[in-house]
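Asker: Quick one: structure below, then a few questions.
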Amino acid sequence: MKLEEVNCCQIQEWYPKFKSVSLKTVVHELPESFIEYLCEDYGPLLLPISVSNEDALPNRIHKPEDEEDYQVSEGSEDESEQPPSPPSFPELELKIKESIESLGGAVFPKLNWSSPKDAAWISSTGTLRCTSFCDIALLLKSSDSVVHDLCHPYDSCSDKTLSRPPLFYLALRKWYPSLRPEMEFRCYVYAQQLIGISQREVTAYYPAVLERKVELKDMIHDFFMDNVEGKFKSENYTFDVYVTKDNKVKLIDFNPWGAFTLPLLFTWEELELAGKLEEDIDCRIVGSQHTVRPGLKTAVPYDYIDMNAGSGWDQFLRNADEELQQQMRSSEAGA
């Protein structure tokens, strides 16, 4: 893999060319001070002070007795130690607030390459839905995927000369509550030819999607021929699409071939062989409950939680459960 192949998959690089067939997105250049904040991995998790008074987590009911363990007695060695002050990024926050409003009031965030999907557990809804700057900061600060973007984006490059790009960007993408994860697909392109399609949601079985396998394959192939073929800079790459209820295909993302990109229902060896043999497009969808591939399940660490009434986390868990039930009902209704 070459440095150029990784760079062209950054959203600020490809989105301007493909915006007409993608999700509505606003991209912001991030100040280096905010990048330094995201990279800090010591001390407590501190969210930025909001100039808009918008907090990412439920406010805790004040209990004086909870603070007794943290009081420092007079003359203690720790007397001079003060907790670090939370950072503040007022200019960036106001720009992001304006963009969120322009995108309908809710977005999901993404850095140059990655969205913080692995940190969804920590949000008050258990999803990537953000309505404020602090929501976004919480997800980015808690995500290992974002750490990869910040510190290790070029580790798989044979011609690595940089440890990171000179600038980082935050893409705010319009949040669509009706999106169904089973209708998102990863497409594999080898020598600029579409050779494979995999359902992205491989942790569950959706019979209605399996029944549409041939139709979906043709639909995605037509989209590739009309909108992507020959227009992306790399020879070998992957791209993700979403098929809407009215059978429109929307471009979600581009990713490099191999390395940290997941092959999902394929292996990279299978895909490379298929590309060299110039075989027909292989479309793979979870075929039964027995072929489900359990993914990494990230859950909130219970050791960190005070779940007593009034702690804030009790409401957090209720919100997350309600969101899950709503998603399940939406999936059943659309099947």
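The values are calculated or read from the model by the stated rules, or taken from the named source; none is laboratory data. Bear in mind the structure is a predicted one, so any value in this text is a computation, not a measurement. Using ideal geometry, Cβ is built from the backbone for each residue, glycine included, and neighbour counts are taken over all protein chains shown. Quick note on the areas: whole protein, heavy atoms, side chains included, nothing else; ligands and nucleic acids left out. Shrake-Rupley method; radii C 1.70, N 1.55, O 1.52, S 1.80 Å.
Asker: Quote to one decimal, in nm, the extra length available between Thr161 and Thr203 on full extension: 0.36 nm per residue of separation minus the C-alpha distance between them.
Answerer: 11.4 nm
Asker: A further question on this structure: First measure r as the distance between the Cβ atoms of Ser288 and Asp218, then evaluate 1/(1 + (r/R0)^6) with R0 = 25 Å and state the FRET efficiency to the nearest 0.05.
Answerer: For Ser288 and Asp218, the calculated efficiency is 0.65.
Asker: From Cα coordinates alone, what are the radius of gyration and Dmax values for segment 151-274 in angstrom?
Answerer: Rg and Dmax of segment 151-274, Cα atoms, are 15.7, 47 Å.
Asker: What is the percent carbon and sulfur in the accessible area of segment 111-218, measuring with a 1.4 Å probe over the protein chains and ignoring ligands?
Answerer: About 53 percent, which is the carbon plus sulfur part of the accessible surface.
Asker: Using 0.36 nm per residue, how much length does the chain from Phe260 to Ile35 gain when fully extended, once their Cα-Cα distance is taken away?
Answerer: Full extension of this stretch gives 78.8 nm more.
Asker: Let me ask you something else. Compute the accessible area per residue over segment 1-59, keeping the other protein chains in place, probe 1.4 Å, unit Å².
Answerer: Here the per-residue accessible area is 55 Å².
Asker: If packing is taken as the average count of other Cβ atoms within 10 Å, what order do 253-261, 132-140, 193-201, 22-30 fall into, highest mean first?
Answerer: 132-140, 193-201, 253-261, 22-30
Asker: Over 22 Å between C-alpha atoms is what I'm after, so list which of Lys24/Lys245; Lys174/Lys231; Lys2/Lys250; Lys19/Lys248; Lys19/Lys160; Lys24/Lys97 land there.
Answerer: Lys174/Lys231; Lys2/Lys250; Lys19/Lys160
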